[in-house]
Structure formats: structure tokens, C-alpha cells
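The values are calculated or read from the model by the stated rules, or taken from the named source; none is laboratory data. Model, not experiment: these values are computed from the prediction. As a convention, Cβ positions derive from the backbone with ideal geometry for all residues, glycine included, and neighbour counts pool all protein chains shown.
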Amino acid sequence: MSGHVLVLGALGGVGQAVAEEFHRQGWEVSGLVRKGRAGELPDWIWPVEAELQDAEAVAKAVSSPVDVVFDGLNAPYHRWAELAEPLYAAALAIAERLEALHLFPGNVYGFGEGMPDRLTPDLVAAPTSEKGKIRVAIERSFAEAAKAGRVRTCILRAGDFFGPTISGQSWLSAFIATKAAEGLIRSRGPKDVPHAWAYLPDLARAFVQLAEQRDRLGAFEVFHFEGHTASISDIAAAAGLAHQRPMRVRRVPAFVFTLMGLVNPVIRASHEMAYLWRVPHRLVDRRLEAVAGPLAATPLPKALASIQV
């Protein structure tokens, strides 16, 4: 079952990967952009030039009825407190106005520093960071809108994103593997702690598969994308295969990030999430494949070989 998807954030790394997969699977793809930026979209994306906060203008600008709205928006990391909730409220309003299924990429922030090593969709939120509390509030607003019959939402939670469309924007490509070609993997925490990762092309395919099963979904659904569970040691081993050379791991002391944060607001904003490198965690969900079908699983060495650093 194909259809028409409107991608919010189509010029961003996540939105781009998801838009490409919808297109590959035969969907009509539209992308919301500000006026004057339509030329930055590929030819196969129909440009929807309107302001994000004006759902009525967005509805008038789309070319045909929309079945799915993919929410690929993201506030600057250091400005979540002021921008994140209004941003996602606007996305929800667009999905409601278009009477479309709202697809949202979630993360693990809401489980907090005391999270167990196996994260299932029914796990109760227990955020310990400001960003975690913001994420929980956003997901709660989606659930409330669904309960009120306003708009259906499907959340697919995943680990740290990485992939060719977000080179330089993920921990892997911006820090951990920047020197992989020289045989060095850098670590922000202990090297043997299991960590959740999501290779974007695989995650994008899962979103498309869920969209194709939209008639089977309830008003509010939460799934977990297992992706890759890999420690820094595992990353080093996979990078060694990808680059065909031995890898050594170097842990960067915490004080280095503190010093970097003095001049870099994004690094400073990431400090409260540093526990993710100390606390083992993996995403688990048997139901996702039962609903969406078999999932793509690119081997980690091949996935790492695709990213540019």
C-alpha cells in the first residue's frame, strides 16, 4: 500500500533519508520548505512552500490528499528548552489538518539514567534530564491528541542515528569515527558499554513499512527499532573490517568536553546526556516485525563504510 507522504524537515539528514526511502518504494513525496528554498529539494519531491506554524497554508499548498506526515523536524540541540515543544506542536497541527497519520522518530531520553539494559515500548518513562523531560512531554501531547480523536500518531523510537545523510551530524561521524581511516576510534565513555544505534537507511525503511500498514495501526502506537546494539569496542571491530586495518580505541576524558562546551553550545548541551555512554541499553520490540514485516538489517561494517567522516 503506497500513498502520499509529506515530509517535514525534508532538507535535514533524517528527513532526507526517509523521503528517499518513501520515493524508492513508489510513494508520492512532498516536502515542506520555506518560501525560496524549493530549489534545494530533489526533482522527485513536490515542494510545499509554507510556514510550519500555518497548518491551513500547508494544507492549501499540498498537491493532493496526504496519507502520512513524517515529522523529521529537530530543534537546535542547545535550544530544545525554548523550541522543541512548539516545533512538534506545529507538526501535529499539520497532521491533524491534513487528517494524516503522524509518524515521529523517538529516542531513549525519556527512560533516564536509571534505565534497564532492555528497553521495551511499555517501559514507564523516568526522565532524569531536561531533554528527557521535554521528550516525555511531547510524546504525552501526542497521546492526548490521539485519545481526543484529533490525530493518530505512530512513534518509532531508535538509538543514536548515523548514516550517509547525516555525516558530520552524528556522534559516529562527527567524533567517534573521524579518524577511523587512520586506525583510531575515539570514545566518550567506557569502551565496552552496549549502546543503541540506528542506521538511518534501515530506520527509514521501517518507517515506510509502518506507513504501508497504517490501516492496522491504532490511534497511538509506540514501537522500538532495535537497530544495532554495539559498544565502542564493537564499533572499532566493525570499523576495522570496513577500513581493512587494525583499530585502536582512545577514551577522551570528560574534562575535554567540559572545556569544549565553554565555546561550543551544542557540546555544552550534550553534557546532561553523557550517561548514555556509561549506562548499557538496547531497544527491544518483538511486535514491530509482526506489524511491519521483516526489517532491513545492514551489517555494521557495511553501515560504517557508508558514512563520510
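Worth a mention:
- Selection status of His224, more than 28 Å from Ser141 (Cβ to Cβ), buried (at least 19 other Cβ atoms within 10 Å of the Cβ) and within 19 Å of the chain's Cα centre (by Cα): no
- Check on Glu144, without any contact (Cβ under 8 Å) to a residue 24 or more places away in the chain and over 21 Å from the mean Cα position of the chain (by Cα): yes
- Exclusive hit being closer than 30 Å to Tyr275 by Cβ and touching an Asp or Glu at 6+ places or on another chain (Cβ under 6 Å), set Ala84, Ala91, Ala17: Ala91
- Where a residue in segment 19-31 is modelled with pLDDT of 95 or more and its partner, wherever it lies, is among the charged types (D, E, K, R), with Cβ under 8 Å and at least six apart: Glu21/Arg205; Gln25/Glu212
Conditions (1) under 20 Å from Trp197 (Cα atoms); (2) touching a residue at least 12 places away in the same chain (Cβ under 8 Å); (3) surrounded by 14 or more Cβ atoms within 10 Å (Cβ to Cβ), marked per residue:
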{"site": "Ala236", "(1), (2), (3)": "yes, yes, yes"}
{"site": "Gln244", "(1), (2), (3)": "no, no, no"}
{"site": "Met247", "(1), (2), (3)": "yes, yes, yes"}
{"site": "Ala254", "(1), (2), (3)": "no, yes, no"}
{"site": "Ile267", "(1), (2), (3)": "yes, no, yes"}
{"site": "Arg278", "(1), (2), (3)": "yes, yes, no"}
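- Exactly one residue out of Phe225, Phe207, Phe220, Phe175 is at pLDDT 95 or above and over 24 Å from Glu20 (Cα atoms): that is Phe220.
- Wholly within segment 43-131, strands (runs of 3 or more DSSP E) carrying at least 3 residues that are under 24 Å from Arg150 (Cβ atoms) and under 16 Å from the mean Cα position of the chain (by Cα): 68-71, 101-106
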